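Comments concern the structure below.
The values are calculated or read from the model by the stated rules, or taken from the named source; none is laboratory data. Not measured: the values here are computed from a predicted model. Every residue, glycine as well, gets a Cβ built from its backbone with ideal geometry; the counts of neighbours run over all protein chains shown.
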Amino acid sequence: MKTAKSIQALIRLCEDPDEEIYGHVRDKLISHGTAAIPFLEASWEQEDYGLLFQSRIEDLIHDIQFQAVKDDLAEWIKNPNKDLLSGALLICRYQYPNFDEEKAKSDIESIKNDIWLELNNRQTAYEKVKIFNNVFYGKHGFSGNSKDYNSPMNSYLNTVLETRKGNPLSLCIIYSVIAQSLEMPIYGVNLPNHFVLTYLDEDNINPYIKAENKHGGLFYINAFSKGGIFDEAQIDEFLKGLNQPRARQFYEPCSNSAIIIRMLTNLISSFQQSGSAERVKELIELRALFDIKF
């Protein structure tokens, strides 16, 4: 009760025209974290202190929500597990702080169950991927959003799950999260200007591949193009077209940290193109957390 009264008293001071006083009030309200948000929202709806007050309340809510995302991302980075789905959904909260995370997880679980019903242990890796693609792209209608490729909405998993359209990275994340939950060894590969998947030869099905390509993959999957299967030679050609030298990182699975960094980089690029300087600044701040030694 004491905390609630303290927050409400601070909120009333948000109408003070003195910027120095407001600066102290702002810092104290932010220190209360997300606990202050319901009070801020109620004041915005109920109080009639004018445009300055409403603008400050809106900014405060955003700043508190941003700090919460920043704190949670720092914790995710420190966690040795670094669950990919958790990290990707955490980034969704930057744009959609109140989105229904459980609904997103439930949607993914539903897709997984539909695929699981079609799989069995007698199927080859190729057959499993073909079945996966039929359900993922056919029944559930996922596709690459080539018409609005640079939209930031293609990067947020919650909007991709709603629209069934995404960019290479977001589609690869959903695809690999579901595949791994079905014990299919499919992982992300961080190519320049693109993101694909590799099906690892964990059971040493093809010793020739193990001996020759050194990367341990049976084949690669283009999630942006309806799960098309291709081989290492096509990555060679892709890199050649970009004047990029061959490097192991372009053929082997990347870390979950690298995937989230790539997601933030994609969003920074999207908001740069739309001229959203404040969004760009905040996303760069989030990406910089990966450079800190916690």
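General remarks:
- Flag for Lys28 being under 30 Å from Met263 (Cα atoms) and outside the structural domain of Leu90 (by TED's automatic domain parsing): no
- Boolean, Ala88 is assigned by TED's automatic domain parsing to the domain that holds Ser181, farther than 18 Å from Arg279 by Cα and of a type in the set (A, V, I, L, M, F, W, C): no
- Residue list for the range 154-197, filter: of a type in the set (Gly, Ala, Ser) and in contact (Cβ under 8 Å) with a residue 60 or more places away in the chain: Ser155, Ser170, Ser176, Ser181, Gly188
- Identification of strands (runs of 3 or more DSSP E) wholly contained in the range 180-294 with 1 or more residues that are exposed (fewer than 12 other Cβ atoms within 10 Å of the Cβ) and modelled with pLDDT of 95 or more yields no element.
- Residue ID - surrounded by the fewest Cβ atoms within 10 Å (Cβ to Cβ), chosen from residues in the range 127-164 that are of a type in the set (Lys, Arg) and more than 25 Å from Tyr94 (Cβ to Cβ): Lys139
- Scanning the range 130-153 for residues that are without any contact (Cβ under 8 Å) to a residue 60 or more places away in the chain and within 15 Å of the chain's Cα centre (by Cα) turns up just one, Met153.
- Selection status of Leu119, aliphatic (A, V, I, L, M) and more than 30 Å from Leu283 (Cβ to Cβ): yes
- Condition met for Asp107 (buried (at least 17 other Cβ atoms within 10 Å of the Cβ) and not hydrophobic (A, V, I, L, M, F, W, C)): yes
- Some residue of the range 41-58 being in contact with a helix residue (DSSP H, G or I) (Cβ under 8 Å, 6 or more places away or on another chain), surrounded by 15 or more Cβ atoms within 10 Å (Cβ to Cβ) and not in a helix (DSSP H, G or I): yes
- Residue match in the range 60-83 (condition: farther than 26 Å from Ser257 by Cα and surrounded by 13 or more Cβ atoms within 10 Å (Cβ to Cβ)): yes
- Residue list for the range 104-129, restricted to those being touching a residue at least 12 places away in the same chain (Cβ under 8 Å), of a type in the set (D, E, K, R) and assigned to a helix (DSSP H, G or I): Lys105, Asp107, Lys112, Asp114, Lys128
- Residue match in the range 147-166 (condition: in a loop (DSSP other than H, G, I, E, B), touching a Lys or Arg at 6+ places or on another chain (Cβ under 7 Å) and not hydrophobic (A, V, I, L, M, F, W, C)): no
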